[in-house]
Amino acid sequence: MEWTTLAGTGLGALVGVGSTLLADRARWRRDTADQARQERKEIYVACLTTFRQAHESMRAVATGDQQREAAAVDAAVREAFRESGCNEARETALICVPPELAATIEDAYLSLRELRDVLAAGNPLASTAYKEARRAHTRTVTTAREAMRHDLTRPT
């Protein structure tokens with residue numbers, strides 16, 4: 001047996017093993033990126049959904065019994081906010097999102113708190129204060145949603 005045949009066979013085996021390792025590494029990186037993207041998507045959906053449910057719960061208790069005293073309305077709105085889980089959703093998102101997204105999520109959360117304060121103060125849904133706070137919240141949520149969508153569609 002000639003040494004060139006043996007060397008060629010060995011070199012072929014090295015190339016084959018090397019290309020398999022490179023392909024496996026590329027597949028692993030792609031799968032890892034896909035999994036991370038899916039996890040971020042679930043966090044984004046949970047965060048925005050929780051913010052929406054918090055707003056709806058606060059509206060429901062603020063407009064419920066019109067005979068309640070101001071202190072009772074304030075307490076009910078703040079309790080609805082606390083029980084909504086938006087603090088937990090916000091913290092989860094802030095820990096897991098890319099840094100450039102954290103500010104938009106924080107802005108949406110702060111605008112939700114502003115809505116809470118407006119509703120807790122007893123402002124009716126037809127009031128200017130509520131309408132302005134709701135518009136501001138809608139803007140910040142839209143900005144956050146667009147940033148989230150951009151994050152999920154950017155190449156890794």
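Points worth noting:
- Selection of GluC sites (Glu not before Pro), region 67-156, meeting DSSP coil and at most 16 other Cβ within 10 Å: Glu69
- Option label - log10 I(q)/I(0) by the Debye sum over Cα atoms at q = 0.10, 0.12, 0.17 Å⁻¹ computed here, alternatives (i) -0.89, -0.97, -1.14; (ii) -0.50, -0.62, -0.95; (iii) -0.33, -0.48, -1.00: (ii)
- Hypothetical label at Arg113: residues of region 125-139 whose amide nitrogen lies under 15 Å (7 Å Cα-Cβ projection): 137
- Region 35-71 and region 116-150: distance between their alpha carbon centers, rounded to Å: 12 Å
- Value of [θ]222 nm, deg cm²/dmol, for the chain, DSSP H segments ≥ 4, -39500 (n - 2.57) each, nearest 500: -30500 deg cm²/dmol
- Under the simplified labelling scheme, the Arg149-Glu39 pair shows an inter-label distance of 2.6 nm, with each label point 7 Å from Cα along Cα→Cβ.
- Assigned charges on the beta-carbon of Lys, Arg, Asp, Glu; the chain dipole about Cα centre (debye): 400 debye
Throughout, read-outs are computed from the coordinates displayed, never taken from laboratory work. Nothing here was measured: the structure is a model prediction, and the numbers come from that model. Glycine also receives a Cβ, built like all others from the backbone with ideal geometry; neighbour counts cover every protein chain displayed.
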